[in-house]
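A short write-up of the structure that comes next.
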Amino acid sequence: MNSRSLPQGLPRRIATLSVHTSPLHQPGTGDAGGMNVYIVEVSKRLAKAGIEIEILTRTTGGDLPPRAELAPGVTVRHISAGPYEGLAKEDLPAQLCAFTHGVLGIEAARPPGHYDLLASHYWLSGQVGWLAKDRWGVPLVHTAHTLAKVKNKQLAEGDRAEPMGRVVGEEQVVEQSDRLVANTPTEARELIDLYNAPLERVAVVAPGVDLERFRPGDRLAARARLGLPARAKIIAFVGRIQPLKAPDVLIRALSELRDPDAIALIVGGPSGSGLDRPTSLIELAETLGVRDRVRFLPPQAGDRLADVYRAADLVAVPSHNESFGLVALEAQACGTPVVAAAVGGLVTAVRDEVSGVLVDGHGAADWARVLDRLLAEPARRDELALGAVTHAYDFSWDHTTARLLDVYREAMTEHRSRRQLELAGCARW
């Protein structure tokens with residue numbers, strides 16, 4: 001399908017804004033995570049539907065080309081805004097002016113009306129989208145991914161609270177967006193209750209999972225490929241190493257487990273406030289006397305990541321907050337039960353006692369009790385594994401993209417009607 005054959009009311013070209021992290025970055029490193037996966041997977045499918053996608057992101061290296069093809073129909077454009085290296089996410093608001101200048105310059109070099117819609121991800125991108133939408137006369141569809149007010153209510157011990165500047169910035173983006181995409185009904189309610197988002201502007205669109213890549217496989221073969229012991233009980237954590245994601249909860253619980261064969265597999269790299277103490281998990285494991293039972297791997301991509309999930313008996317997602325929790329969904333698609341904190345989107349991503357177990361709180365004793373029970377009952381793990389695959393198959397990136405197309409169509413129709421009313425009013429005046 002090409003742009004000429006698109007159903008009426010859909011955009012021909014979308015400018016996708018991802019200021020603080022590039023879709024080309026490896027998830028699990030720096031600030032790259034589930035949002036990167038979301039943008040990549042949705043963009044590829046929108047392009048297959050005949051929509052041209054341009055992802056505008058900040059240049060983070062002098063060797064990056066001005067533009068790169070992510071997939072057929074999906075172009076990544078790098079915009080210079082601040083120093084290439086060593087710029088933390090918290091420092092990026094000072095570079096929004098420069099980034100916005102670059103975004104407006106790209107559009108100004110095109111014929112008028114080149115883009116039909118703006119899609120922004122995270123509040124920094126929303127700030128840029130808010131300014132660009134008025135200049136271009138197009139609707140803005142914003143996906144928050146995380147919310148400062150929610151994060152501050154569920155702050156991890158030792159983590160830094162989100163600044164008031166972000167809170168105000170999110171409030172502005174919520175007010176100015178034509179549509180707000182929430183990952184779950186919980187997030188939709190948070191947008192409405194905490195940010196006064198108009199109900200009619202909020203749409204729930206669940207993220208998906210790549211069901212071709214993430215599927216059940218041979219556990220022993222996966223362990224062999226990763227160099228993991230064949231007979232150990234493995235509990236895996238996958239994600240960025242920072243207080244918000246709470247990998248320390250798994251290590252603390254490991255020290256209280258009865259099963260001496262249990263090991264924790266930590267897959268990821270330091271990020272955010274975790275960069276303040278990048279060796280904190282190693283130090284914690286040594287202090288608790290379980291260093292020999294903790295294995296560390298750097299972030300894994302593609303089939304290697306699928307092997308991590310298959311190799312594990314259980315996957316732990318102890319985050320203090322998640323807008324959804326793609327790791328939980330990917331693990332379940334591979335047939336591995338998930339033990340997750342009962343917070344945010346994880347309540348949707350994991351079906352309690354069907355595809356995994358939800359744990360209230362982050363106490364080591366509570367987590368150890370759940371993990372011990374499941375490790376001691378292989379038949380129960382097998383039941384949960386079947387439930388995990390079934391539950392994951394209710395989600396797919398194709399479903400996500402189809403629902404987003406509905407949201408885009410609604411936003412464009414409403415925007416067009418509003419413009420016509422404004423023009424009619426001006427004519428009468």
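Excluding ARG77 itself, calculate the net charge of residues whose Cβ lies under 13 Å from the Cβ of ARG77, where each Lys or Arg counts +1 and each Asp or Glu counts -1.
0
Which percent of Cα-Cα pairs in region 317-379 sits in each 5 Å bin, short to long?
Percent of Cα pairs in each bin: 4, 20, 31, 26, 16, 4, 0.
Computed FRET efficiency, Cβ-Cβ of GLU377 and ARG231, R0 22 Å: what is it to the nearest 0.05?
0.80
When the helix-only estimate is applied to the chain (DSSP H runs of n ≥ 4, each -39,500 (n - 2.57), divided by the residue count), what is the mean residue ellipticity at 222 nm, nearest 500 deg cm²/dmol?
-13000 deg cm²/dmol
For the chain, how big is the tail of P(r) above 34 Å, as a whole percent of Cα pairs? Don't skip to the end; give the middle numbers.
Details: 29159 of 91806 pairs.
It works out to 32 percent of all Cα pairs.
Could you check the spin-label model distance between ASP91 and GLN8? Points 7 Å from the Cα along Cα→Cβ, value in nm.
Here the modelled spin labels are 5.2 nm apart.
Excluding PHE99 itself, what net charge comes from residues whose Cβ is under 12 Å from its Cβ, given Lys and Arg +1 and Asp and Glu -1?
Net charge around PHE99: +2.
How many nm separate the modelled label positions at ARG110 and ARG135, each set 7 Å beyond the Cα in the direction of the Cβ?
Taking the simple label geometry, ARG110 and ARG135 are separated by 1.3 nm.
Please check which bits of region 226-250 a label hung off ASP259 would reach, taking the label as a point 7 Å along Cα-to-C-beta and the cut-off as backbone N under 12 Å.
Inside the label zone: 231-236.
Quick one: work out the % antiparallel among DSSP beta bridges in the chain, nearest 5.
About 10 percent, rounded to the nearest 5.
Taking only the Cα atoms of region 51-150, how large is their convex hull per residue, in Å³? Walk me through the numbers on the way to the answer.
Numbers: hull volume 11.7 nm³, N = 100.
With only Cα atoms used, region 51-150 gives 117 Å³ per residue.
Of ALA342, LEU17, ILE192, which is farthest along the charge dipole of the chain in the positive direction, counting Lys and Arg as +1 and Asp and Glu as -1 at C-beta?
Positive-most Cα among the choices belongs to LEU17.
With N set to the residue count of region 242-313, report its C-alpha Rg divided by 2.2 N^0.38 Å to two decimal places.
Ratio of Rg to 2.2 N^0.38 Å for region 242-313: 1.13.
Local charge sum around LEU211 (other residues, Cβ-Cβ under 12 Å, Lys/Arg +1, Asp/Glu -1)?
Summing Lys and Arg as +1 and Asp and Glu as -1 gives -4.
So how much slack lies between LYS48 and ARG291, counting 0.36 nm per residue of separation and subtracting their Cα-Cα distance, in nm?
82.8 nm
Based on the alpha-carbon gyration tensor of region 205-245 and its eigenvalue square roots a ≥ b ≥ c, which shape applies: rounded if a/c is under 1.5, prolate if not and a/b is larger than b/c, or oblate?
On the way: a/c = 3.00, a/b = 1.28, b/c = 2.34.
Since a/c reaches 1.5 but b/c is at least a/b, the shape of region 205-245 is classed as oblate.
Express in nm, to one decimal, how much length is gained between GLU353 and LEU220 on full extension, taking 0.36 nm for each residue of separation and deducting their alpha carbon distance.
Numbers: separation 133, 0.36 × 133 = 47.88 nm, distance 2.54 nm.
Going from the current span to full extension adds 45.3 nm.
Once you've got the Cα coordinates, tell me which of LYS89/LYS245; LYS44/LYS149; LYS89/LYS153; LYS133/LYS245 are over 25 Å apart. Write down the numbers at each step before the final one.
Values: LYS89/LYS245 17 Å; LYS44/LYS149 32 Å; LYS89/LYS153 20 Å; LYS133/LYS245 34 Å.
Cα-Cα > 25 Å for LYS44/LYS149; LYS133/LYS245; rest within.
Taking 41 Å as R0, compute the FRET efficiency from the Cβ-Cβ separation of GLN420 and ASP303 and round it to 0.05.
0.20
Take the Cα gyration tensor of region 169-243, multiply each eigenvalue by 5, square-root it, and list the three semi-axes largest first, rounded to whole angstrom.
Equivalent ellipsoid of region 169-243: 41, 15, 10 Å, largest first.
Tell me the Rg and the Dmax, in Å, that the Cα atoms of region 246-378 produce.
Looking at region 246-378, its Cα Rg and Dmax stand at 14.0, 39 Å.
Laboratory data are not the source of any read-out in this text; all were calculated from the coordinates shown. Fair warning: this is a prediction, and the values are worked out from it, not measured in the lab. Quick reminder, even Gly has a Cβ in these numbers, built from the backbone with ideal geometry, and neighbours come from all protein chains shown.
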